[in-house]
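Contents: one structure, followed by commentary.
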Amino acid sequence: MDFFHWTTKIVSRNKGKSAVAASAYISGTKMENTWDGVTHDYTRKKHVIYTEVMLPPNAPREYADRSLLWNSVEWNETKANSQLARSIELALPAELSHEQNIALVRKLVKKLFVDKGMCADVAFHDKGDGNPHAHILLTMRPLTPDGKWGDKSRLEYVLDADGNRIPARQKGRWKTRKVYTTDWDDRGNAERWRAAAADAINEALREAGFTQGFVDPRSYADQGVQRIPMVHEGPDARAMEKRGVPHGGWRKEPGDSPGE
């Protein structure tokens, strides 16, 4: 494996996306989104090798059922622009067995996400074309110690040097600021997660006895490599290709189209 592929996207309602649909896609199952009444059926997908919902200790055990988990998310995110889930796609070494890749992904997901309090819906896909990959769907709202959905952020008063509240321009109000209750949306996470994933892949390859084919999470430019980056082809591009419609000369990325 001489390439590294990790993409992160947000499943947002204002973009017409659904966490239930994304989960049904990666798991190759049929699920109804009780929020909007739409049923999503991906049972014809034949290359879903493994699926699992991984939960933190404070999550209700019934959330191991992905339909219950993501429908609960849908109902607790009531805004038209709600961010429902974080969707990750990770290319895995074709040199490793299915069991080795699954163990790699489970260990990585537990360390990066579940141990931080996120619920993780994990799927391992392999079409047999040399591009095995994992889909990881993560909750974005923290759970309280008793398993209820908590707040993503809160408002706190802005204080002066003496610890007193500062009046706002609007009479009778005080200056406030938004404070996030977790660090899950920290801008530095993308780079840290990519580095951790690359380390996990390289460790798994070494443990399997490989001495080459290791991955580097940096961009080709940062590596000083002159190479055309792989660009993901979504479902629209794939459909155009099937109809014989040209859509550019980009190299294909490993994996298949995310279903969020």
If you go through Asp183, Asp162, the only one that is at negative phi, modelled with pLDDT of 90 or more and out of contact with any Lys or Arg (no Cβ under 6 Å at 6 or more places or on another chain) is Asp183
If we keep only residues of the stretch 197-216 that are crowded, with 16+ Cβ neighbours inside 10 Å and among the aliphatic types (A, V, I, L, M), then the residue nearest to Ile166 (Cα to Cα) is Ala197
Counting only residues that are in contact with a Gly (Cβ under 9 Å, 6 or more places away or on another chain) and either on the phi > 0 side of the Ramachandran plot or not in a helix (DSSP H, G or I) (or both), the stretch 58-86 contains a total of 3
Reported set for the stretch 111-145 where residues are of a type in the set (Lys, Arg) and farther than 16 Å from Glu52 by Cα is Lys116, Lys127, Arg141
Of the candidates Ser97, Ser87, the one satisfying the condition of being of a type in the set (Gly, Ala, Ser), modelled with pLDDT of 95 or more and either more than 13 Å from the chain's Cα centre (by Cα) or surrounded by fewer than 22 Cβ atoms within 10 Å (Cβ to Cβ) (or both) is Ser97
Picked from the stretch 24-57 (must be assigned to a loop (DSSP other than H, G, I, E, B) and under 17 Å from the mean Cα position of the chain (by Cα)), the residue farthest from Asp115 (Cα to Cα) is Gly28
In the set Ala123, Ala161, the lone residue that is small (Gly, Ala, Ser) and either closer than 30 Å to Gly28 by Cβ or assigned by TED's automatic domain parsing to the domain that holds Lys46 (or both) is Ala123
If we take the stretch 133-181, then strands (runs of 3 or more DSSP E) inside it with 1 or more residues that are exposed (fewer than 12 other Cβ atoms within 10 Å of the Cβ) and out of contact with any Pro (no Cβ under 7 Å at 6 or more places or on another chain) are 153-157, 176-180
When the stretch 44-83 is checked residue by residue, the ones that are over 21 Å from Asp146 (Cα atoms) and surrounded by 13 or more Cβ atoms within 10 Å (Cβ to Cβ) are Lys45, His47, Val48, Ile49, Tyr50, Thr51, Glu52, Ser82, Gln83
*asked:* Here is a check on your reading of the model: is Arg106 assigned by TED's automatic domain parsing to the domain that holds Arg192, outside any helix (DSSP H, G or I) and of a type in the set (Lys, Arg)?
replied: no
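The values are calculated or read from the model by the stated rules, or taken from the named source; none is laboratory data. These numbers were taken from a predicted model, which means no experiment stands behind them. All Cβ positions, glycine included, derive from the backbone under ideal geometry; neighbour counts span all protein chains shown.
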